[in-house]
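J.: What follows is a single structure, and I will ask about it in a moment.
The values are calculated or read from the model by the stated rules, or taken from the named source; none is laboratory data. Here the structure is a predicted model, which is why all the values come from computation and not from measurement. Positions of Cβ are backbone-derived with ideal geometry, glycine not excepted, and every protein chain shown enters the neighbour counts.
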Amino acid sequence: MVLIRPAEATDVEAIVDIHNSFMDTTYEWTETPHTLEEWTARLAEKAERNEPVLVLDDSGSVVGWTSYGDFRDSTRWPGYRFTVEHTILLAESHWGRGLGRRLLESLMVAASRAGKRVMVAGIDSSNEASMAFHARLGFTEVARMPGVGDKWGQRLDLVLMQRDLVDLPVDDRAGS
């Protein structure tokens, strides 16, 4: 049975494993593996900020996760307070089954209910599958930023895609 639920402290190890499984790609713009300590602190910080971390639980095993945070520092620049940037990662063994769609749709509904209006995706330009996935969910490419990233001494291009959340079905936003 597959379900989407809020992340718990016991999910941190699986979240870290999924996150680190992308270390050998340019999809994850760090060369330093994520740690249990980092993610334990991040989960607590997200809870404090009322930012959801959702996991995809397949028969008791966490196989994906998603969350959002400020697009830019909305404390310093409050004009961005209605815009969030998300991350979604799904174990490769679960790709192509519509589970990523369910997970991201759940996050979009949560963001809309929290009063967010726009969700942004920052995607490495070589990740064509992610760009196609986001496009299927109504995200539109709005910018390409050449050479703004770096991994393994290779300059990387960032693609920004965004989706308005105000056009979600009223029933989804209302919690019906």
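J.: Quick one: would you say T83 is surrounded by 19 or more Cβ atoms within 10 Å (Cβ to Cβ) and in contact (Cβ under 8 Å) with a residue 12 or more places away in the chain?
T.: yes
J.: Does M161 satisfy the criteria of being in contact (Cβ under 8 Å) with a residue 40 or more places away in the chain and either part of a strand (DSSP E or B) or of a type in the set (K, R) (or both)?
T.: Here the answer is yes, as M161 does meet what is asked.
This table checks each residue for (1) among the polar types (S, T, N, Q); (2) exposed (fewer than 13 other Cβ atoms within 10 Å of the Cβ); (3) touching a Pro at 6+ places or on another chain (Cβ under 7 Å); (4) free of Cβ contacts under 8 Å to residues at least 40 places away in the same chain.
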position: M1; (1), (2), (3), (4): no, yes, no, no
position: E37; (1), (2), (3), (4): no, yes, no, yes
position: A41; (1), (2), (3), (4): no, yes, no, yes
position: P52; (1), (2), (3), (4): no, no, yes, no
position: S67; (1), (2), (3), (4): yes, no, yes, no
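J.: Follow-up question, since we're still on this one. From the list S176, S130, S126, pick out the single residue that is modelled with pLDDT of 95 or more and assigned to a loop (DSSP other than H, G, I, E, B).
T.: Within the list S176, S130, S126, the selection yields S126.
J.: Residues of region 23-35 being buried (at least 17 other Cβ atoms within 10 Å of the Cβ) and within 20 Å of S130 (Cα to Cα), which ones?
T.: T26, E28 - these are the residues of region 23-35 that are buried (at least 17 other Cβ atoms within 10 Å of the Cβ) and within 20 Å of S130 (Cα to Cα).
J.: Ok, one more. Which of (1) in contact with a His (Cβ under 7 Å, 6 or more places away or on another chain); (2) on the phi > 0 side of the Ramachandran plot does H19 not meet, given it meets every other one?
T.: Of everything listed in (1) in contact with a His (Cβ under 7 Å, 6 or more places away or on another chain); (2) on the phi > 0 side of the Ramachandran plot, H19 misses just condition (2).
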